[in-house]
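Novice: The following block contains the structure, expressed as structure tokens.
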Amino acid sequence: MKIVAAKLIVCSPDRNFVTLKIETDEGIYGLGDATLNGRELAVASYLEEHVIPCLIGRDPFAIEDVWQYLYRGAYWRRGPVTMTAISAVDVALWDIKGKALHTPIYNLLGGKSRQGVLVYAHANGSDIPGAIESTKKLMAEGYLAVRVQCGVPGVASSYGVPKGSKPYEPAERGLPSENVWSTERYLNFVPQLFEALRREVGEDVHLLHDVHHRLTPIEAARLGKALEPYHLYWMEDPTPAEDQDAFRLIRQHTVTPIATGEVFNSFWDAHDLIRNQWVDYLRMTIVHGGGITALKKAADFAAVYQVKTGFHGATDLSPVTMAAALHFGLAIHNFGIQEHMPHTSLTDQVFPHAYRFDAGYMVPGDEPGLGVDIDERLAQKYPYQRAYLPIARKLDGTLTDW
Ligand code: GCO
Ligand code: MG
């Protein structure tokens with residue numbers, strides 16, 4: 001089999017997605033997600049100008065070799081744009097292989113290790129009663145794990161809190177909007193939120209919280225400690241992770257489990273975190289971390305240290321990535337949990353898929369390959385629209401982590 005063509009489909013059915021479609025001489029094609037939120041066209045151009053020309057004529061079954069060719073062969077390694085492009089090619093090739101062998105990707109990764117993939121949903125509220133209501137609603141829908149974000153009194157707008165009645169979507173069309181941030185108010189408030197939540201929803205549901213990189217290590221340690229009575233499933237991205245050593249300090253002070261890695265694009269971003277057991281869950285994703293090939297190696301390394309996966313699964317990861325993550329999560333032994341932020345029905349129409357949610361778990365379905373397609377005609381009706389993630393400033397105007 002040979003790769004004969006590859007093209008990009010850039011569309012915006014409620015939000016932007018970049019999808020790579022690789023075609024073979026046997027009529028089988030594969031899909032890969034190449035979406036990098038707020039920087040979509042950089043990846044599209046990287047693929048179009050520098051990667052696609054090198055793919056034509058190659059054997060789509062030689063996945064490891066193609067991966068090494070794109071990673072080592074470029075000379076310039078790593079970085080979100082490069083690694084998202086490599087991921088898209090990698091996932092498309094796994095899709096092709098599964099289709100050619102008439103088997104779902106989870107079978108190519110070792111077969112089923114479990115019946116379903118535990119997922120967590122997002123509860124959001126502008127205040128504590130709103131957050132409790134939103135959590136209860138998700139529990140009634142069958143979710144066994146819920147991430148809870150809430151507006152902080154005295155902080156006008158912040159990460160994870162919807163502005164109107166629509167579901168929360170971080171990227172906004174147009175230029176970046178500005179959020180405000182106060183560490184002091186946040187730190188005083190979050191333990192109250194989880195105290196109220198546990199009182200209302202009981203001890204059994206898994207509760208999670210995303211700090212979204214906004215604290216220093218010692219502040220994160222304080223928060224982790226304060227949250228211990230409410231036994232969170234995890235505290236996510238407590239501090240920026242450029243300095244992996246920062247997590248040592250948090251770990252010394254609290255037994256609240258820690259998840260990080262959604263912005264990582266290389267295993268090396270997580271190497272110290274894993275081998276020192278400074279984190280419990282690795283959130284690196286297939287789309288930004290170099291594809292199934294790269295993540296399998298990272299997950300296997302993590303398994304040795306009893307670190308589990310907890311992959312990123314926000315709406316900016318297309319249904320193609322969601323499917324890939326579900327095959328992956330079904331197969332590997334050290335799977336922990338998978339984020340599930342449902343796409344809009346328009347996005348689902350553009351990407352018809354076999355995966356489904358049932359009673360707290362998701363399954364990828366048993367179709368060959370990924371079990372996801374793209375309706376190109378429909379996609380064409382929704383052209384790319386510039387959109388950015390917000391930025392954040394402290395109350396005195398200093399730019400800070402959003
Ligand atoms: C999460 C994430 C997202 C990101 C978004 C950026 O845990 O789901 O933090 O909400 O902010 O995916 O593109
Ligand atoms: Mg996050």
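Novice: Taking segment 300-328 only, how many residues are among the charged types (D, E, K, R) and part of a helix (DSSP H, G or I)? Even if it seems obvious, please write down each step before you answer.
Specialist: So in segment 300-328, the residues among the charged types (D, E, K, R) come out as 300, 308, 316.
In the following step, the residues that additionally are part of a helix (DSSP H, G or I) were identified as 300.
Qualifying residue count, segment 300-328: 1.
Novice: Right, next: Here are some residues: ALA314, ALA303, ALA298. Which one is of a type outside the set (D, E, K, R), crowded, with 24+ Cβ neighbours inside 10 Å and either within 16 Å of ligand 2 (Cβ to nearest atom) or not assigned by TED's automatic domain parsing to the domain that holds ALA74 (or both)? Steps first, answer last, please.
Specialist: Numbers: ALA314 fails: crowded, with 24+ Cβ neighbours inside 10 Å; ALA303 fails: crowded, with 24+ Cβ neighbours inside 10 Å.
None of the other options fit; the residue is ALA298.
Novice: Here's something else I'd like to know. Contact list please: Cβ distance under 8 Å, first residue in segment 365-389 and within 19 Å of MET322 (Cα to Cα) and in contact (Cβ under 8 Å) with a residue 60 or more places away in the chain, second residue among the polar types (S, T, N, Q) and away from ligand 1 (no atom under 16 Å from the Cβ), pairs at least six apart or on different chains.
Specialist: Short answer, once both residue conditions are applied: PRO368/THR103; ILE374/THR19; ALA379/THR19.
Novice: All but one of (1) in contact with a Lys or Arg (Cβ under 8 Å, 6 or more places away or on another chain); (2) farther than 30 Å from GLY142 by Cα hold for LEU207; which doesn't?
Specialist: Tallying (1) in contact with a Lys or Arg (Cβ under 8 Å, 6 or more places away or on another chain); (2) farther than 30 Å from GLY142 by Cα, LEU207 fails exactly one: (2).
Novice: Right, LEU109: surrounded by fewer than 24 Cβ atoms within 10 Å (Cβ to Cβ) and within 16 Å of GLU367 (Cα to Cα) or not? Break it down stepwise before answering.
Specialist: Numbers: surrounded by fewer than 24 Cβ atoms within 10 Å (Cβ to Cβ): yes; within 16 Å of GLU367 (Cα to Cα): yes.
So LEU109 fits the description; yes.
Novice: How many residues are among the basic types (Lys, Arg) and within 24 Å of the chain's Cα centre (by Cα) if we restrict to segment 59-96? Give the steps one after another, and end with the answer.
Specialist: Just the residues of segment 59-96 that are among the basic types (Lys, Arg), to begin with: 72, 77-78.
Now drop any that are not within 24 Å of the chain's Cα centre (by Cα), which leaves 77-78.
The qualifying residues number 2.
Novice: Tell me which of these VAL263 doesn't satisfy, since it passes every other one: (1) within 12 Å of ligand 2 (Cβ to nearest atom); (2) within 23 Å of VAL119 (Cβ to Cβ); (3) crowded, with 19+ Cβ neighbours inside 10 Å.
Specialist: For VAL263, the exception is condition (3).
Novice: If only one of VAL287, VAL279 is part of a helix (DSSP H, G or I) and either within 16 Å of ligand 2 (Cβ to nearest atom) or not assigned by TED's automatic domain parsing to the domain that holds THR135 (or both), which one is it?
Specialist: Only one candidate passes the filter, namely VAL287.
Novice: Next question, about the same structure. Do you know which of the residues in segment 197-224 that are within 16 Å of ligand 1 (Cβ to nearest atom) and aliphatic (A, V, I, L, M) is farthest from LEU389 (Cα to Cα)?
Specialist: Applying the filter and picking the extreme gives LEU207.
Novice: Any idea which of LEU215, LEU197, LEU249 is at pLDDT 95 or above, more than 15 Å from ligand 2 (Cβ to nearest atom) and either within 27 Å of GLY397 (Cβ to Cβ) or buried (at least 19 other Cβ atoms within 10 Å of the Cβ) (or both)?
Specialist: Unique residue meeting the criteria: LEU197.
Novice: Kindly indicate which of VAL119, VAL66 is β-branched (Val, Ile, Thr) and outside any helix (DSSP H, G or I).
Specialist: Every option except VAL119 fails the conditions.
Novice: Oh, and also: If you take the residues in segment 258-314 that are touching a Ser or Thr at 6+ places or on another chain (Cβ under 8 Å), in contact (Cβ under 8 Å) with a residue 60 or more places away in the chain and not β-branched (Val, Ile, Thr), which one is nearest to ligand 1 (Cβ to nearest atom)?
Specialist: The selected residue is GLY313.
Novice: Please state which of the following conditions MET139 fails to meet, knowing it meets all the rest: (1) farther than 29 Å from SER12 by Cβ; (2) within 16 Å of ligand 2 (Cβ to nearest atom); (3) not aromatic (Phe, Trp, Tyr).
Specialist: Result: MET139 fails condition (2) only.
Novice: While we're here: Can you pull out the residues in segment 330-357 that are touching a strand residue (DSSP E or B) at 6+ places or on another chain (Cβ under 7 Å) and within 16 Å of ligand 1 (Cβ to nearest atom)?
Specialist: Matches in segment 330-357: GLY336, ILE337, GLN338, GLU339, HIS340, MET341.
Novice: Restricted to segment 166-194, and to residues that are among the charged types (D, E, K, R) and under 30 Å from GLN252 (Cα atoms), which residue is surrounded by the most Cβ atoms within 10 Å (Cβ to Cβ)?
Specialist: ARG185
Novice: Right, another one. Is it true that THR239 is in contact (Cβ under 8 Å) with a residue 12 or more places away in the chain, touching a Pro at 6+ places or on another chain (Cβ under 6 Å) and within 16 Å of ligand 1 (Cβ to nearest atom)? Before you say what the answer is, go through the steps one by one.
Specialist: Working: in contact (Cβ under 8 Å) with a residue 12 or more places away in the chain: yes; touching a Pro at 6+ places or on another chain (Cβ under 6 Å): yes; within 16 Å of ligand 1 (Cβ to nearest atom): yes.
The answer is yes for THR239.
Novice: Return a yes/no flag: does segment 19-37 have any residue that is in contact (Cβ under 8 Å) with a residue 24 or more places away in the chain and part of a helix (DSSP H, G or I). Please lay out each step first, then the result.
Specialist: We begin by selecting, within segment 19-37, every residue in contact (Cβ under 8 Å) with a residue 24 or more places away in the chain; these are 19-22, 24-26, 28-37.
Among the residues that remain, those that are also part of a helix (DSSP H, G or I) are: none.
Checking segment 19-37: not a single residue is in contact (Cβ under 8 Å) with a residue 24 or more places away in the chain and part of a helix (DSSP H, G or I).
Novice: So in segment 340-358, with the set limited to residues that are aliphatic (A, V, I, L, M) and out of contact with any His (no Cβ under 6 Å at 6 or more places or on another chain), which one is farthest from ALA325 (Cα to Cα)?
Specialist: Kept after step one, since they are aliphatic (A, V, I, L, M), are these residues of segment 340-358: 341, 346, 350, 354.
Now drop any that are not out of contact with any His (no Cβ under 6 Å at 6 or more places or on another chain), which leaves 346, 350, 354.
Working: LEU346: 21, VAL350: 19, ALA354: 13 Å.
Only one residue tops the list, namely LEU346.
The values are calculated or read from the model by the stated rules, or taken from the named source; none is laboratory data. In this text, all values refer to a predicted model and were calculated from it rather than measured experimentally. When we count neighbours, we look across all protein chains shown, and the Cβ atoms used for this are built from the backbone with ideal geometry, even at glycine.
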